[in-house]
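The values are calculated or read from the model by the stated rules, or taken from the named source; none is laboratory data. Note that this is a predicted model, so its numbers are computed, not measured. Cβ placement follows ideal geometry from the backbone for every residue including glycine, while neighbour counts extend to all protein chains displayed.
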Number of protein chains: 2
Amino acid sequence: MTEKAEMVEEMIRQLGDDAVLHRKEDLLTYECDGLTVYRGMPLAVVFPSSTEEVSGVVKWLHEHEIPFIPRGAGTGLSGGATPFGGEVIISLVRMKRLLDVDYDNREAVVQPGYINLTLTNSITHKGFYYAPDPSSQACCTIGGNVAENAGGAHCLKYGVTTNHVLGLEVVLHNGEIVEIGGVPDAPGYDLMGLVTGSEGTLGIVTSITVRILKNPEAEETAMAYFDSVEDASYAVSGIIAAGIVPAAIEMMDEIAIQGVERATNPVGHPEGSKAVLIMEVDGIATGIEEQIEEMVSVCERHNVVDIKVAKNDRERGRWWANRKTAFGAMGAISPAYLVQDGVIPRSRLSEVLAHIADISAESGLRIANVFHAGDGNLHPLILFDARNEGETDLALDVGSRTLEACTAVGGSITGEHGVGIEKKEDMRLVFSDEEIERQITVRSVFNPHNLLNLDKQFPKPARCGEVKQAVGSGEAHQVAEQR
Amino acid sequence: MTEKAEMVEEMIRQLGDDAVLHRKEDLLTYECDGLTVYRGMPLAVVFPSSTEEVSGVVKWLHEHEIPFIPRGAGTGLSGGATPFGGEVIISLVRMKRLLDVDYDNREAVVQPGYINLTLTNSITHKGFYYAPDPSSQACCTIGGNVAENAGGAHCLKYGVTTNHVLGLEVVLHNGEIVEIGGVPDAPGYDLMGLVTGSEGTLGIVTSITVRILKNPEAEETAMAYFDSVEDASYAVSGIIAAGIVPAAIEMMDEIAIQGVERATNPVGHPEGSKAVLIMEVDGIATGIEEQIEEMVSVCERHNVVDIKVAKNDRERGRWWANRKTAFGAMGAISPAYLVQDGVIPRSRLSEVLAHIADISAESGLRIANVFHAGDGNLHPLILFDARNEGETDLALDVGSRTLEACTAVGGSITGEHGVGIEKKEDMRLVFSDEEIERQITVRSVFNPHNLLNLDKQFPKPARCGEVKQAVGSGEAHQVAEQR
């Protein structure tokens, strides 16, 4: 019996026939996640329904030294759930129950396959919601959010996933089940913070206790148009400097605006607008008006062309739906695109956007910008056509150069999408070899044989002339992809 | 030459004559920190003035396998800076410079010996402040705050130290100097979160980049008196349930009120009050009044006896000064006291306070309660007289029992004081042996020879009949101490 056949037989024995995919045609879907330019063929995909099933699967794979990858909805944008080739994917989508809600102490317990937005929908009748809101929130899972430490538009005020995780149940590399956190302010080392954002390299999260928040009494949203991204950038700095803590400040530039107007939720952005800010404040009802007025007056000081406040929840919802289609909308104006995810000090916004414009001009590739301006989290969208010889390589190179532009001003290579496959080599922009080795040493405590999401997140030890695409130890290959 | 003499000679060679204490009479001060019931004699105390000097000292001690303890102002309450006996204390008090302030990006860089309140005082003219505010903020150091992940009254709204640390420079066990964090949302593992709160066991922090906040436009403070801690507890839950996020909600019970009225900042709390709440809201000016009014009405629903709002900043300042003397004030009503630091889910406040009252009645020791009610962080103050045979032991035992009362409802053994020496054995209340071993394995990545704050924070591997006081590997001994 071949090794694969033996593994498949054992997985079926443990999980049942309907919980194992192993035929090539069934595996194609799992060759990549939301980052479609890298692909690798998994050995199999398994669908455990409980913590015990995850534990049993991991125990067997650990004993047989077969690497494995936890996967949520596969919406990740850095290739965290993409195989290099030959791994078993452990899909958590069948573990999608809401286990408990404690409104008094503002906690909810969910399984990892539970959909982000479903949590808010399930508790909204009691006046509560779950704050982290990635654009993919209607389909991404909270387990995936924990793995990538996902952010979202409202993280400016409310923080990213790690600020909302209170406890984790984790299956370790050998199948052992442990609880981390769960008590308020757990003493000892912050292992919960360590696991959150570890992209599945330290364990498989099988239950998550999250903080839930009371709905704000009032919300107001304004949309402001500018003749330049510089003016919009200075308006963002001005709003923060005025002491307002908005729930969100999002920016889209001209190309992004063109995209969203051609996509599924157009809202009639004026033709030719160079930049739009979507600004939201929330909190107690009294005082909201004053904050919006102050934001309006800051925008006026920075040459705003037009500014309007959403008339009601319906209009506000339409504006956000428009903004949240921005990535996908690139498909309407380009055959393919690559999303980047850099972070910069907020005061350097204008300068870095100018640098990115230069990179665009030099490379000949258009770059749209749609991003969380309030916390300096840029998302350059690099538009390209993979049918043109070498243009996928060029787009990847341009992506790395936008990250270099971020790190050059003291920024970072990821704000919310994670490192995954895509930015393994870019880790060298922010860490020395020694620092990377130290992180790998920490990994080895929890993942001694590198079977848990094999070779993700960290580059190989430095070697001269290493080609960026030759990542990992497996066979993942960069693909020419058309949308 | 004896080993100690050789070490002293080398330290003087590296740091100069005025930077080394080694005579017994000079070392007495360093036998303990703010937790005075455990003491141990250090081998020497050294005072480096720069990161390089810390590095040089650590390198030599590492090579000679001499354990060492970083120390800030020595205000810690769990014995984190207390020697077991035979360690070298590395005092960071000479590294007390403010290195940089970046108002645009709201960051400040300080050396570890920089005093917490001095930071706020240094930036207040620009309208900024540093949020974490332990009661000892006028003398504790930010380095010590990082080591213990210190909290404070306003952490209900603003979070504890770890939520305000943006980057660290750390001297590792072998003297190597590394930067951790420093870039926004650093990719890879959250080592900054790991080091924050690690009580000096993972490295010596030599520079800290912290978030600074804009002063709120307005603040209002109310003081409410109740006939029972139950009513006050339900008022706290009611305020949170009303959707208000106060900057602080502090509670003092009858004994604590008697104490602060006999201490240095009495404010005339009514005789016989069973509980007082100090409630503060801050933010934009509009809306503050409504929040105070809503808090008043919640208190009225829970049988408040009297409630008043501070007339001005001066009165507010006096109220806070009164509250912040509460620990020390115990000296006015008891020969000695022990502070505990448990955390519970907010909804269990009333129940756990009743349990603590039972423990007090059973043991015959009075227990005062003064605490951060809004985030469920209790500080039982156990009053005792060490001149009575066995009463120090009894107080320590009562302290552990209050922690058991917290963990029994899903709480924890420390909210902001750390584990140190005091709560090493209490770690077993929240962690299994396997979980503790896993944390020690993580420690071994950064502290392979256990020289960095030797044996702190974690219990020894479980042994039957082990006596709590026999902590650590050194000679620290519990002392009978009088105030």
*Hey, among the residues in segment A:344-353 that are touching a residue at least 60 places away in the same chain (Cβ under 8 Å) and part of a helix (DSSP H, G or I), which one's nearest to the other protein chains (Cβ to nearest Cβ)?*
A:Ser347
*Do we have A:His62 as free of Cβ contacts under 8 Å to residues at least 24 places away in the same chain, surrounded by 17 or more Cβ atoms within 10 Å (Cβ to Cβ) and either among the small types (Gly, Ala, Ser) or over 21 Å from A:Thr141 (Cα atoms) (or both) here?*
no
*Do we have any residue at all in segment B:359-371 that's within 14 Å of chain A (Cβ to nearest Cβ), charged (D, E, K, R), assigned to a helix (DSSP H, G or I) and surrounded by fewer than 24 Cβ atoms within 10 Å (Cβ to Cβ)?*
no
*Top-ranked residue of segment B:8-42 - restricted to ones that are acidic (Asp, Glu) and surrounded by 18 or more Cβ atoms within 10 Å (Cβ to Cβ), ranked as nearest to the chain's Cα centre (by Cα)*: B:Asp33
*Condition broken by B:Tyr189, with the remaining ones in (1) surrounded by fewer than 24 Cβ atoms within 10 Å (Cβ to Cβ); (2) assigned to a loop (DSSP other than H, G, I, E, B) satisfied*: (1)
_Unique match (being at pLDDT 95 or above and under 17 Å from B:Thr221 (Cβ atoms)) among B:Asp358, B:Asp306_ = B:Asp306
_Number of the condition not met by B:Asp433 [criteria: (1) without any contact (Cβ under 8 Å) to a residue 40 or more places away in the chain; (2) within 17 Å of B:Ile382 (Cα to Cα); (3) of a type in the set (Asp, Glu)]_ = (2)
*Within segment B:163-185, track down each residue that is under 24 Å from B:Val58 (Cβ atoms) and within 7 Å of chain A (Cβ to nearest Cβ).*
B:Val178
*Do the conditions hold for A:Val45, that is, is it free of Cβ contacts under 8 Å to residues at least 60 places away in the same chain, surrounded by 17 or more Cβ atoms within 10 Å (Cβ to Cβ) and not hydroxyl-bearing (Ser, Thr, Tyr)?*
yes
*Say we look at segment B:101-111 and pick out the residues that are in a loop (DSSP other than H, G, I, E, B) and out of contact with any Pro (no Cβ under 9 Å at 6 or more places or on another chain); which of these is nearest to B:Thr201 (Cα to Cα)?*
B:Gln111
*Taking segment B:391-446 as the region of interest, how many residues are assigned to a helix (DSSP H, G or I), charged (D, E, K, R) and more than 8 Å from every other protein chain (Cβ to nearest Cβ)?*
10
*Can you tell me which of A:Gly113, A:Gly72 is surrounded by 17 or more Cβ atoms within 10 Å (Cβ to Cβ) and out of contact with any Lys or Arg (no Cβ under 8 Å at 6 or more places or on another chain)?*
A:Gly72
*Hey, can you tell me all the residues within segment B:186-210 that are of a type in the set (S, T, N, Q) and at the interface with chain A (Cβ under 9 Å from one of its Cβ atoms)?*
B:Thr196, B:Ser198, B:Thr201
_Out of everything in segment B:122-134 that is part of a helix (DSSP H, G or I) and touching a strand residue (DSSP E or B) at 6+ places or on another chain (Cβ under 9 Å), what residue ends up being nearest to the other protein chains (Cβ to nearest Cβ)?_
B:Lys126
*For residues in segment B:138-164 being outside any helix (DSSP H, G or I) and without any contact (Cβ under 8 Å) to a residue 40 or more places away in the chain, which is surrounded by the fewest Cβ atoms within 10 Å (Cβ to Cβ)?*
B:Ala138
*Looking at segment B:259-282, which of its residues are of a type in the set (Gly, Ala, Ser) and farther than 22 Å from B:Leu378 by Cα?*
B:Gly268
*Out of the residues in segment B:402-428 that are within 20 Å of the chain's Cα centre (by Cα) and over 26 Å from B:Arg323 (Cβ atoms), which is surrounded by the fewest Cβ atoms within 10 Å (Cβ to Cβ)?*
B:Glu404
*Which of the residues spanning segment A:372-385 are closer than 25 Å to A:Met427 by Cβ and part of a strand (DSSP E or B)?*
A:His372, A:Asn377, A:Leu378, A:Pro380, A:Leu381, A:Ile382, A:Phe384
_The listed residue being in contact with a Pro (Cβ under 8 Å, 6 or more places away or on another chain) and more than 10 Å from every other protein chain (Cβ to nearest Cβ), out of A:Leu452, A:Leu381_ = A:Leu452
_Looking at A:Ala310, A:Ala321, A:Ala332, A:Ala275, can you tell me which residue is closer than 27 Å to A:Ala386 by Cα and under 30 Å from the mean Cα position of the chain (by Cα)?_
A:Ala332
*Checking A:Asn388 against (1) crowded, with 21+ Cβ neighbours inside 10 Å; (2) part of a loop (DSSP other than H, G, I, E, B), which test does it fail?*
(1)
*Could you list, in sequence order, all residues of segment A:61-100 that are assigned to a loop (DSSP other than H, G, I, E, B) and among the aliphatic types (A, V, I, L, M)?*
A:Ile66, A:Ala73, A:Leu77, A:Ala81, A:Leu92, A:Val93, A:Met95
